[in-house]
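The values are calculated or read from the model by the stated rules, or taken from the named source; none is laboratory data. Keep in mind that this is a model prediction, so the values were computed, not measured. Ideal geometry is used to build each Cβ from the backbone, glycine not excepted, and the neighbour counts take in all protein chains shown.
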Amino acid sequence: MTKEHPLDPNPKSGWQPKIVFLDRDGTINEEVNYLYKPEDLVILPGVPEALRELKKAGYLLILITNQAGIARGYYTEEDCIRLNLVLDTELKRAGAGLNAVYYCPHHPEHGIGKYKLHCHCRKPETGLLLQAEADLMSCRIPSGDMLYQSRCILSEAEQKALSEWNRSPEGPDFTNCFMIGDKLGDILAGRRFGVRSILVGTGYGEKEQRAAAAGSYDYYADTLKEAAKWIIRQQSIR
Ligand SMILES: [Mg+2]
């Protein structure tokens, strides 16, 4: 019996997306504690070029970011959305615009009010990646100039069903999907979702690599540029 996709519309099996999921802070821009002010945003050297190469090779670029500063009350969701827009505008200028951003505004212990939550979207959980997948399959991400930004709105049951579908023979072929981040939590989220994951040496990456157990990531790259090169090389050797 074929397993039906749990969400509407029901996509055909054999879906082969080309996506690079990217962490934001420490991966795209300089790590700044609880970044939300546009004037504190510094894009890391070589990042626009790396993203442009990935776009040229046909990859969608999707940002997956934990924003516990919202939970802690340091800044609002609107501040986060605004900062992401500034980042995207800068990247677009370099021909490296993003396709979508997914953010988690929760924290299980330090959150205030509705943001104090043991959620399923804060990396290393996979809710944000599943939401991106669901949105791509149902064509909810516009291809125009407007940056699509969202939290995870799938229910826990929908996330579970989608994860199961991903692991079934009818599920997508994630050979050409990757996650890049500077923390082992990013890597774990990518791996749990089912994609190869690259630890990048910027931000916390160098420190994280020293602490990492053997085999906990698929590739280590000093910079995003090197990570992009590795990804592009993978398609030519397969
Ligand atoms: Mg990071």
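Data overview
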| read-out | value |
| --- | --- |
| GLY203 being in contact (Cβ under 8 Å) with a residue 40 or more places away in the chain, small (Gly, Ala, Ser), at positive phi and within 16 Å of the ligand (Cβ to nearest atom) | yes |
| LEU35 within 16 Å of the ligand (Cβ to nearest atom), surrounded by 17 or more Cβ atoms within 10 Å (Cβ to Cβ), farther than 13 Å from ILE180 by Cα and at pLDDT 95 or above | yes |
| Flag for ALA94 being surrounded by fewer than 16 Cβ atoms within 10 Å (Cβ to Cβ) and without any contact (Cβ under 8 Å) to a residue 60 or more places away in the chain | yes |
| Per-region count, the range 55-64, residues buried (at least 21 other Cβ atoms within 10 Å of the Cβ) and touching a Lys or Arg at 6+ places or on another chain (Cβ under 8 Å) | 4 |
| Pairs where the first residue, in the range 107-120, is at positive phi and outside any loop (DSSP other than H, G, I, E, B) and the second is surrounded by fewer than 16 Cβ atoms within 10 Å (Cβ to Cβ) and not polar (S, T, N, Q), C-beta under 9 Å, 6+ apart | GLY113/GLY73 |
| Scan of the range 57-81 for residues that are charged (D, E, K, R) and over 18 Å from the mean Cα position of the chain (by Cα), ordered by number | ARG72, GLU78, ASP79 |
| Of all residues in the range 65-91 being more than 16 Å from the ligand (Cβ to nearest atom), β-branched (Val, Ile, Thr) and part of a helix (DSSP H, G or I), the one that is surrounded by the most Cβ atoms within 10 Å (Cβ to Cβ) | ILE81 |
| Hey, GLY144 away from the ligand (no atom under 16 Å from the Cβ) and closer than 27 Å to GLU208 by Cα or not | no |
| Index of the failed condition, SER13 passing every other in (1) at pLDDT 95 or above; (2) away from the ligand (no atom under 16 Å from the Cβ) | (1) |
| Hits in the range 97-124 (condition: within 14 Å of ASP23 (Cα to Cα) and either of a type in the set (Lys, Arg) or crowded, with 20+ Cβ neighbours inside 10 Å (or both)) | LEU98, ASN99, ALA100, VAL101, TYR102, TYR103, CYS104, CYS121, ARG122, LYS123 |
| Neighbours by Cβ (under 6 Å, 6+ apart or cross-chain): first from the range 19-38, more than 18 Å from LYS92 (Cα to Cα); second within 12 Å of the ligand (Cβ to nearest atom) and among the small types (Gly, Ala, Ser) | GLY26/GLY203; GLU31/GLY203 |
| Neighbours by Cβ (under 6 Å, 6+ apart or cross-chain): first from the range 211-237, touching a residue at least 24 places away in the same chain (Cβ under 8 Å) and outside any helix (DSSP H, G or I); second loosely packed, with under 15 Cβ neighbours inside 10 Å and not hydrophobic (A, V, I, L, M, F, W, C) | THR223/GLY46 |
| Qualifying residues in the range 158-210 (those that are basic (Lys, Arg) and assigned to a helix (DSSP H, G or I)) - the one nearest to VAL20 (Cα to Cα) | ARG191 |
| Some residue of the range 59-78 being modelled with pLDDT of 95 or more and at positive phi | yes |
| Any chance LEU129 is surrounded by 20 or more Cβ atoms within 10 Å (Cβ to Cβ), within 16 Å of the ligand (Cβ to nearest atom) and in a strand (DSSP E or B) | no |
